[in-house]
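What follows is a single structure, written as structure tokens, with notes after it.
The values are calculated or read from the model by the stated rules, or taken from the named source; none is laboratory data. Since we're looking at a predicted model, the values are computed, not measured. Cβ placement follows ideal geometry from the backbone for every residue including glycine, while neighbour counts extend to all protein chains displayed.
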């Protein structure tokens, strides 16, 4: 199987320049390219040459694959135009159960975004406990909540905003991203789980 670079229907997003989006999509394309390259090397039996080579290729595969998928989640959320969380929908009910209301949920995302360092804000849904968790994962291949499906994510690595903002302005980037989010994507992800 060969993975393909996904196309995203991205409208103009206030606060994120076309150049910023282009650069970020290029980084995503690199992940897809390297997933395919590593998979090909593993299929060719590269790991059989020595244990070290195979082990490192498998480790690197997780990095590239998770980078690919996290960025697909990220860009899907910007596609189709911005809208607000449906106040009567399942996502609003799920986040209100933990955070009190949608506004408090969005404020919590901003609080998590203020975590020092680089990484991802990831909102998961735990179907066993019927609860939403919002965490800061330092790397896209490490620190995730095992087995929980992602319903929303925000890339907080500098490559996501450095064309438009300096590191001390990441709150402005987050406002732009939240303002450009198509929340129907997160709502549909949750609906597929429930």
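Here is how the numbers come out for the structure above:
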{"read-out": "Filter pass, residue 132 being over 12 Å from residue 94 (Cβ atoms), modelled with pLDDT of 95 or more and touching a strand residue (DSSP E or B) at 6+ places or on another chain (Cβ under 6 Å)", "value": "no"}
{"read-out": "Lone unmet requirement of (1) over 18 Å from residue 37 (Cα atoms); (2) in contact with a helix residue (DSSP H, G or I) (Cβ under 6 Å, 6 or more places away or on another chain) for residue 65", "value": "(1)"}
{"read-out": "Filter result for residue 51 (over 23 Å from residue 194 (Cβ atoms) and surrounded by fewer than 17 Cβ atoms within 10 Å (Cβ to Cβ))", "value": "yes"}
{"read-out": "Residue that is on the phi < 0 side of the Ramachandran plot and modelled with pLDDT under 95, where the choices are 14, 59", "value": "59"}
{"read-out": "Answer from 108, 34, 71 - the residue that is within 30 Å of residue 188 (Cα to Cα), assigned by TED's automatic domain parsing to the domain that holds residue 124 and surrounded by 13 or more Cβ atoms within 10 Å (Cβ to Cβ)", "value": "108"}
{"read-out": "Condition check for residue 89: surrounded by 14 or more Cβ atoms within 10 Å (Cβ to Cβ), within 19 Å of residue 185 (Cβ to Cβ) and over 19 Å from the mean Cα position of the chain (by Cα)", "value": "yes"}
{"read-out": "Helices (runs of 4 or more DSSP H) wholly inside the range 88-194 that include at least 1 residues being in contact with a helix residue (DSSP H, G or I) (Cβ under 8 Å, 6 or more places away or on another chain) and under 28 Å from residue 26 (Cβ atoms)", "value": "102-113, 170-180, 183-193"}
